[in-house]
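Take a look at the structure set out below.
The values are calculated or read from the model by the stated rules, or taken from the named source; none is laboratory data. Keep in mind it's a predicted model, so treat the numbers as computed, not measured. Here the Cβ positions follow ideal geometry from the backbone for every residue, glycine too, while neighbour counts run over all protein chains shown.
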Amino acid sequence: MKKSRQSDLVFMENLKEFFEIIINSEKLIHYGGLALLLIVIVAETGLIIGFIFPGDALLFTAGLLCGNDLSVNIWLLVISVALAAIAGNIIGFLTGKFLGKRLFLKKDTFFFKQRHLEKSHAYYEKYGGIAIIGGRFIPVVRTFVPILAGAINMEFVKFSFFNISGAILWSGTLIPLGYLVGKKIPASIDNIEYFVLGITIVTMTILIRGIIKFKKNPGTENKS
């Protein structure tokens with residue numbers, strides 16, 4: 001009994017450490033390098049549970065650490081992340097296509113919330129295909145918009161255009177921005193947490209403002 005309890009405690013500690021690495025951009029890159037970075041990007045943009053990952057902060061941190069903890073050429077990094085983001089969105093699109101209308105009837109779970117889908121739907125209704133590009137820079141929306149596009153049977157060719165454009169823009173801005181900051185302000189590498197915190201605050205502010213606006217004018221959003 002005592003041995004079983006100790007095993008449970010060890011398991012919980014390992015699980016806690018795993019999630020600390022996954023949601024901490026600097027630790028994730030330090031321990032997993034480019035391979036884990038790309039896996040997380042695919043998961044964040046392609047799986048329903050992907051919204052738990054730190055997308056924007058992760059890309060900025062990757063750029064900041066490029067040439068240090070992350071030994072890879074900046075342009076190879078940008079292209080690799082863009083390809084991973086494209087692949088992730090395709091997985092999300094196919095998931096939405098498979099689930100179809102059942103997605104809108106799915107009950108809330110620990111990882112899936114209908115409110116996340118409703119927020120993404122309102123965003124898509126307002127901005128159309130551009131939502132796939134702009135949604136790249138908005139937490140939660142980034143995960144659910146491609147799933148939604150598949151669920152409502154958006155043409156794959158049209159989806160692919162917006163998907164590729166958004167991935168290139170997302171990867172091609174945040175990574176070089178982080179790289180530039182790292183080169184111009186070398187001390188920033190020792191204070192990554194402040195930059196990550198800043199990016200997190202900005203992205204969460206955008207998300208919260210969108211949620212508040214959606215709650216105030218749900219009918220307007222859906223009519224747009």
> Which of the residues belonging to the range 103-156 are among the polar types (S, T, N, Q), in a helix (DSSP H, G or I) and either loosely packed, with under 15 Cβ neighbours inside 10 Å or at pLDDT below 80 (or both)?
Replying inline: Q114, S120
> Out of all the residues in the range 73-85, is one or more more than 16 Å from I168 (Cα to Cα), of a type outside the set (V, I, T), touching a residue at least 24 places away in the same chain (Cβ under 8 Å) and assigned to a loop (DSSP other than H, G, I, E, B)?
Replying inline: no
> Among the residues of the range 187-207, is any of a type in the set (A, V, I, L, M, F, W, C), assigned to a helix (DSSP H, G or I), under 18 Å from the mean Cα position of the chain (by Cα) and at pLDDT 85 or above?
Replying inline: no
> Condition test on I49, is it modelled with pLDDT under 75, in a helix (DSSP H, G or I), among the aliphatic types (A, V, I, L, M) and in contact with a helix residue (DSSP H, G or I) (Cβ under 9 Å, 6 or more places away or on another chain)?
Replying inline: no
